[in-house]
Amino acid sequence: MNQPSKPSQLSKLSPLSKPSPPSKPLNVRITNTGVYLNGRLLLPITADDSLTAIYRHLETDYPKFHKMDELSKSAFLGVELLKAHDPLLSTYNEDKVSLLFCNCSSCDSSDLKFEQSYAVNGSASPSHFVYTLPNIMMGEVAIRNKWYGEQQFLFQPAPDFTVIAENLVLLFNNGAEACIFAWVDIREKRDVFFVLLTPQHDIPSLASALEKLYITTHD
């Protein structure tokens, strides 16, 4: 007799009254050399300003992108890529999309530019100051998409997928219809990894599934 399969951590939650998303979570990775969709190369990058190259590829019209710091640009593009390949993401209730972003370097590149603005100009640059908190990248994403769901930023030396999974389940238990998990780190080389999750995804062990996706798509 076949044994019943282990229930999914997410499938225990309330189902959505929407068309079904893909059976497996959509994931996007942006590195210094390319954009990958579900582990497959989507766009090779050779331009010096690779983030602008991705922006142009998406044919996105959002002038504020050019004023963002690199961390926010990376987050913005990760979400735009998810939207481009899963149209359902744009249909969820605006207060039911939650964000859980992490990295190991906070916003140190913007902090350094802010500090240098004192040395060069004798005063702080407001355009640099606004990006001296890492959660600002989530704010940029929320403003762009008019999302008002819960947001969490976790500072971790490396992705701790047990903690990440626990927090994602908490967000769903609080009523989220979709959660975007992202590891957005640009300290030494660009390591940007996005996953779109819904309660309908069949994931018996969320932590191990996310870790496997991250490792198998890592540049």
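The values are calculated or read from the model by the stated rules, or taken from the named source; none is laboratory data. From a predicted model like this one, the values you see are computed outputs, not experimental measurements. As a convention, Cβ positions derive from the backbone with ideal geometry for all residues, glycine included, and neighbour counts pool all protein chains shown.
Miscellaneous remarks
- Qualifying residue in the stretch 49-64 (condition: part of a loop (DSSP other than H, G, I, E, B) and at pLDDT below 90): yes
- Some residue of the stretch 89-105 being more than 22 Å from LEU26 (Cβ to Cβ), within 15 Å of the chain's Cα centre (by Cα) and either in a strand (DSSP E or B) or modelled with pLDDT of 95 or more (or both): no
- Filtered residues of the stretch 65-88 (kept if part of a helix (DSSP H, G or I) and of a type in the set (A, V, I, L, M, F, W, C)): PHE65, LEU71, ALA75, PHE76, LEU77, VAL79, LEU81, LEU82, ALA84, LEU88
- For the stretch 201-219, the candidate set comprises residues that are modelled with pLDDT under 85 and not in a helix (DSSP H, G or I); within that set, the residue that is farthest from GLY175 (Cα to Cα) is ASP219.
- Among (1) at pLDDT 95 or above; (2) crowded, with 23+ Cβ neighbours inside 10 Å, the one test that GLY149 misses: (2)
- Any pair with Cβ under 8 angstrom, 6 or more apart, that starts in the stretch 74-96 at a residue that is closer than 15 Å to HIS57 by Cβ and in contact (Cβ under 8 Å) with a residue 12 or more places away in the chain and ends at one that is assigned to a loop (DSSP other than H, G, I, E, B) and not hydroxyl-bearing (Ser, Thr, Tyr): SER74/ILE186; SER74/ARG190; PHE76/MET68; LEU77/LEU58; GLU80/LEU58; LEU81/LEU58; ALA84/LEU58
- Within the stretch 22-49, the set of residues being in contact (Cβ under 8 Å) with a residue 60 or more places away in the chain, loosely packed, with under 14 Cβ neighbours inside 10 Å and of a type in the set (D, E, K, R) comprises just one member, LYS24.
- Which numbered condition GLU188 fails, given (1) at pLDDT 80 or above; (2) out of contact with any strand residue (DSSP E or B) (no Cβ under 7 Å at 6 or more places or on another chain); (3) charged (D, E, K, R): (1)
- Within the stretch 154-200, the set of residues being part of a strand (DSSP E or B) and over 25 Å from LEU88 (Cβ atoms) comprises LEU154, PHE155, ASP185, ASP191.
- Long-range neighbours under 6 Å by Cβ, at least six apart or interchain, first residue of a type in the set (S, T, N, Q) within the stretch 50-69, second in a helix (DSSP H, G or I) and modelled with pLDDT of 95 or more: THR60/GLU80
- Applying the condition of being of a type in the set (Gly, Ala, Ser) and buried (at least 16 other Cβ atoms within 10 Å of the Cβ) to the stretch 152-189 and asking which residue is nearest to PHE65 (Cα to Cα) yields ALA182.
- Qualifying residue in the stretch 118-141 (condition: at pLDDT 90 or above, part of a loop (DSSP other than H, G, I, E, B), farther than 14 Å from ALA182 by Cβ and in contact with a Lys or Arg (Cβ under 8 Å, 6 or more places away or on another chain)): no
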